[in-house]
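Undergrad: The structure is given below, and queries will be raised subsequently.
The values are calculated or read from the model by the stated rules, or taken from the named source; none is laboratory data. Remember, it's a predicted structure, so these values are computed and weren't measured experimentally. Backbone-built Cβ (ideal geometry, glycine too); neighbour counts: all protein chains shown. The area values use the complete protein model at the heavy-atom level, side chains included, leaving out ligands, DNA and RNA. Shrake-Rupley method; radii C 1.70, N 1.55, O 1.52, S 1.80 Å.
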Amino acid sequence: MAGTADFIWMNGKIVAWKDAAIHVTAEALLRGASVFEGMRAYWNEDERELYIFRNKEHLRRLRQSMHIMRLAIPYTDDDFTAAFIELFRANRFTEGVHFRPVAYFGVGEAHAWEPKDIETGAFVMAYARPPAPSLKGIRSCVSTWRRNSDNASPSRVKAAANYHNARLAQVEAKLNGFGPPIMLNDQGEVSESPGACFMMVRDGRVITPPVSADILEGITRESLIDLYRAELGVEVVERDIDRTELYIADEAFFCGSGAEVQPIVEIDHYKVGDGRPGPLTTKIQNLYFDIAKGRVAKYRHWLTPVYGDRKP
Ligand SMILES: Cc1ncc(COP(=O)(O)O)c(C=O)c1O
């Protein structure tokens, strides 16, 4: 089975992968009542070091998701960071890692949120997943499914339940022969893909939907906006994007911890630009990987080393 490892961190302990279980009556299972982060750590072979990408920012977003859900767990950000490091060392990872801290509602009264009425907990699953720079680009489409709206099931909360919406869109696109689709929000403006944020280039400017467009406030998105401005001298505009703008974009790509930087070369059978990943996409893709792997001193503060002086 893909995506497994020897150990999982669960409620303060390292346990064997097969023993990390939650009861079937848990709210997390019955109603998708959990929030999570999808994160990556990148392996630097020269230094034999594993670097967690933007740990602090991911943990902050996890807190925000918990806060909105009124989900309290007895672990601090430092506890989580220590858990990641302990887990990666236990699994002896020496390649790229994808991992997911999850905070959940367990067994208790239905719809409860107070600890006296319901158990809560947390776990961290991690598995080897080397970076996969997408060089050729994917064919996308506009989904017939609308992105979750903020007043219904907020996309800003990285809740497991939001991924029912994502699954509907993803499967439909796949059955129709496309890669990940672009989802519009209830206003009919571009939102994001089922699992990544969206950016496009028109006339030398990068354009991406604002955080109020029913998107997850992507940490990769934020990182790339900063890098375009600070390192590549490229203007970035956060504004609504109409559907037909997709068909006349010069470049387009998805970005996220899972997707990394994924060029889009076709949308609804319209070629994006000349049908190949464009220059501003490729440049930011290269810079992203260089930084994530610890090759750019200026951005080392975005990274958290796992092994330190205990090299594997
Ligand atoms: C729905 C959705 N939007 C956007 C993103 C991108 O967010 P981030 O860059 O923080 O991983 C993700 C996850 O990667 C996601 O699942």
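Residue-by-condition table, conditions (1) open to solvent by 30 Å² or more (accessible area, probe 1.4 Å); (2) hydroxyl-bearing (Ser, Thr, Tyr); (3) out of contact with any Pro (no Cβ under 9 Å at 6 or more places or on another chain):
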position	(1), (2), (3)
Ile14	yes, no, yes
Ala26	no, no, yes
Asn55	no, no, yes
His58	no, no, no
Arg63	yes, no, yes
Ile68	yes, no, no
Leu71	no, no, yes
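Undergrad: Just need a number here: residues in region 73-86 that are open to solvent by 80 Å² or more (accessible area, probe 1.4 Å) and outside any helix (DSSP H, G or I).
TA: The first filter runs over region 73-86 and keeps only residues open to solvent by 80 Å² or more (accessible area, probe 1.4 Å), leaving 74, 78, 86.
Still in the running and outside any helix (DSSP H, G or I): 74.
Looking only at that region, the number is 1.
Undergrad: If only one of Leu246, Leu287 is of a type outside the set (Asp, Glu) and either touching a strand residue (DSSP E or B) at 6+ places or on another chain (Cβ under 8 Å) or more than 17 Å from Tyr51 (Cβ to Cβ) (or both), which one is it? Before the answer, list the steps.
TA: Values: Leu287 fails: either touching a strand residue (DSSP E or B) at 6+ places or on another chain (Cβ under 8 Å) or more than 17 Å from Tyr51 (Cβ to Cβ) (or both).
Among Leu246, Leu287, only Leu246 is of a type outside the set (Asp, Glu) and either touching a strand residue (DSSP E or B) at 6+ places or on another chain (Cβ under 8 Å) or more than 17 Å from Tyr51 (Cβ to Cβ) (or both).
Undergrad: Here is a check on your reading of the model: is Leu303 in the same structural domain as Ile207 (by TED's automatic domain parsing) and open to solvent by less than 40 Å² (accessible area, probe 1.4 Å)?
TA: Values: in the same structural domain as Ile207 (by TED's automatic domain parsing): no; open to solvent by less than 40 Å² (accessible area, probe 1.4 Å): yes.
For Leu303, the condition - in the same structural domain as Ile207 (by TED's automatic domain parsing) and open to solvent by less than 40 Å² (accessible area, probe 1.4 Å) - is not met.
Undergrad: Quick check on Leu135: is it more than 26 Å from Tyr42 (Cα to Cα) and aliphatic (A, V, I, L, M)?
TA: Values: more than 26 Å from Tyr42 (Cα to Cα): no; aliphatic (A, V, I, L, M): yes.
No.
Undergrad: Give Arg156, Arg129 a once-over and let me know the one that is open to solvent by 40 Å² or more (accessible area, probe 1.4 Å), of a type outside the set (A, V, I, L, M), within 18 Å of Ser212 (Cβ to Cβ) and within 16 Å of the chain's Cα centre (by Cα).
TA: Working: Arg129 fails: within 18 Å of Ser212 (Cβ to Cβ).
Within the list Arg156, Arg129, the selection yields Arg156.
Undergrad: Would you say Asp150 is farther than 19 Å from Ile264 by Cβ and either within 15 Å of the ligand (Cβ to nearest atom) or crowded, with 21+ Cβ neighbours inside 10 Å (or both)?
TA: It is true that Asp150 is farther than 19 Å from Ile264 by Cβ and either within 15 Å of the ligand (Cβ to nearest atom) or crowded, with 21+ Cβ neighbours inside 10 Å (or both).
Undergrad: Every residue in region 127-147 that is part of a loop (DSSP other than H, G, I, E, B), of a type in the set (Lys, Arg) and more than 15 Å from the ligand (Cβ to nearest atom), please. Even if it seems obvious, please write down each step before you answer.
TA: Of all residues in region 127-147, those part of a loop (DSSP other than H, G, I, E, B) come to 129-137, 141, 147.
Okay, now just the ones that are also of a type in the set (Lys, Arg), so 129, 136, 147.
Answer for region 127-147, where residues must be part of a loop (DSSP other than H, G, I, E, B), of a type in the set (Lys, Arg) and more than 15 Å from the ligand (Cβ to nearest atom): just Lys136.
Undergrad: Another question about this same structure. Which one of these does Thr94 not meet: (1) open to solvent by less than 40 Å² (accessible area, probe 1.4 Å); (2) among the hydroxyl-bearing types (Ser, Thr, Tyr); (3) assigned to a loop (DSSP other than H, G, I, E, B)?
TA: The single condition Thr94 does not satisfy is (1).
Undergrad: State which residue is most open to solvent (accessible area, probe 1.4 Å) when the search covers only region 200-221 and only residues that are more than 7 Å from the ligand (Cβ to nearest atom) and charged (D, E, K, R). Working first, answer last.
TA: The initial filter retains those residues of region 200-221 that are more than 7 Å from the ligand (Cβ to nearest atom), namely 200-214, 217.
Adding the requirement that they be charged (D, E, K, R) leaves 202-203, 205, 214, 217.
Numbers: Arg202: 65, Asp203: 135, Arg205: 89, Asp214: 18, Glu217: 64 Å².
Selected residue: Asp203.
Undergrad: Something else now. When the residues of region 9-63 are filtered to those that are among the polar types (S, T, N, Q) and away from the ligand (no atom under 16 Å from the Cβ), which remaining residue is farthest from the chain's Cα centre (by Cα)?
TA: From region 9-63, those among the polar types (S, T, N, Q) are 11, 25, 34, 44, 55; that's our starting set.
After this cut, where a residue has to be away from the ligand (no atom under 16 Å from the Cβ) as well, the list is 11, 25, 44.
On the way: Asn11: 23, Thr25: 28, Asn44: 21 Å.
Among them, the one singled out is Thr25.
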